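A.B. asks: Below: one structure in structure tokens.
Just so you know, all these numbers are worked out from the coordinates, no wet-lab data involved. Keep in mind that this is a model prediction, so the values were computed, not measured. Virtual Cβ from ideal backbone geometry, glycine too; neighbours counted across all protein chains shown.
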Amino acid sequence: MIRLETVSLTLATEAGPVNILRGIDLVMAPGETVAVVGPSGSGKTSLLMVIAGLERATGGLVEVAGQDLGSLDEDGRARFRRDTLGIVFQSFHLIPSMTALENVAIPLELAGRRDAFSVAASLLEPVGLSARAGHYPGQLSGGEQQRVALARAFAAEPKLLLADEPTASLDLATGERILELMFGLSRRNGTTLVLVTHDPALARRCDRIVEIADGVIATGAQPPRRASGG
């Protein structure tokens with residue numbers, strides 16, 4: 001599902017260029033659940049941004065679901081995200097002029113689904129927000145906005161779901177419900193999950209833990225080998 005070869009990301013700052021990712025080699029199999037861990041500032045979120053095509057790698061190969069993201073222009077990457085990815089970042093990226101229901105329905109509408117709003121309503125129920133469907137992001141708490149963002153990410157049942165600290169703003173019970181939804185999506189649809197987390201318990205629930213430090217993969221770059229039969 002994901003193949004990164006010697007991927008680098010250098011960003012320009014007032015103090016000069018900063019090397020965020022420095023020669024990342026990483027492979028993730030379809031349907032795999034992967035936790036990305038490491039200290040703050042190590043490059044975890046930047047890695048998700050590159051995989052999502054929201055940041056263009058400075059060098060190396062970024063191939064996701066068979067698509068070389070380096071060969072796509074900005075519009076091509078946007079279509080790729082629409083058709084392939086669900087993304088949840090800590091800043092939520094909800095549209096403030098749209099209700100919770102409308103925000104969840106967006107990817108379904110873009111995909112041409114006539115049942116976009118009924119499906120969106122059904123997705124707000126398991127995240128506990130049916131009663132808040134008509135509220136705007138400014139009327140929701142941070143945890144509620146995160147749940148809307150998660151419901152939106154689930155909406156099109158993507159091949160790949162990327163989440164940055166998906167339960168950070170949630171209480172324990174709600175967080176557990178969200179995790180069950182995420183891992184259930186992976187089991188049911190073969191969705192690949194990539195979760196950035198500081199939670200050791202969540203990391204251990206994944207098939208593999210990838211540790212990143214100072215912009216390089218320290219451990220876990222390759223899927224574990226499956227034992228051969230015989």
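Matching residues to (1) touching a residue at least 24 places away in the same chain (Cβ under 8 Å); (2) aliphatic (A, V, I, L, M):
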{"position": "ARG132", "(1), (2)": "yes, no"}
{"position": "PRO137", "(1), (2)": "yes, no"}
{"position": "ALA149", "(1), (2)": "yes, yes"}
{"position": "ARG152", "(1), (2)": "yes, no"}
{"position": "LEU160", "(1), (2)": "yes, yes"}
{"position": "THR167", "(1), (2)": "yes, no"}
{"position": "LEU172", "(1), (2)": "no, yes"}
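A.B. asks: With the checklist (1) basic (Lys, Arg); (2) over 28 Å from LEU47 (Cβ atoms); (3) not in a loop (DSSP other than H, G, I, E, B) in hand, flag the one item ARG114 doesn't pass.
C.D. replies: Condition (3) is where ARG114 drops out.
A.B. asks: A further question follows. Please identify the pairs in which a residue from the stretch 92-114 that is of a type in the set (S, T, N, Q) has its Cβ atom under 6 Å from the Cβ atom of a residue that is not in a helix (DSSP H, G or I), counting only partners at least 6 apart or on another chain.
C.D. replies: Filtered contacts from the stretch 92-114: THR99/GLY134; THR99/TYR136; ASN103/LEU94; ASN103/ILE95.
A.B. asks: Further, regarding this structure: Report yes if ARG3 is in a strand (DSSP E or B), over 22 Å from VAL88 (Cα atoms) and out of contact with any helix residue (DSSP H, G or I) (no Cβ under 6 Å at 6 or more places or on another chain), otherwise no.
C.D. replies: No: the conditions fail for ARG3.
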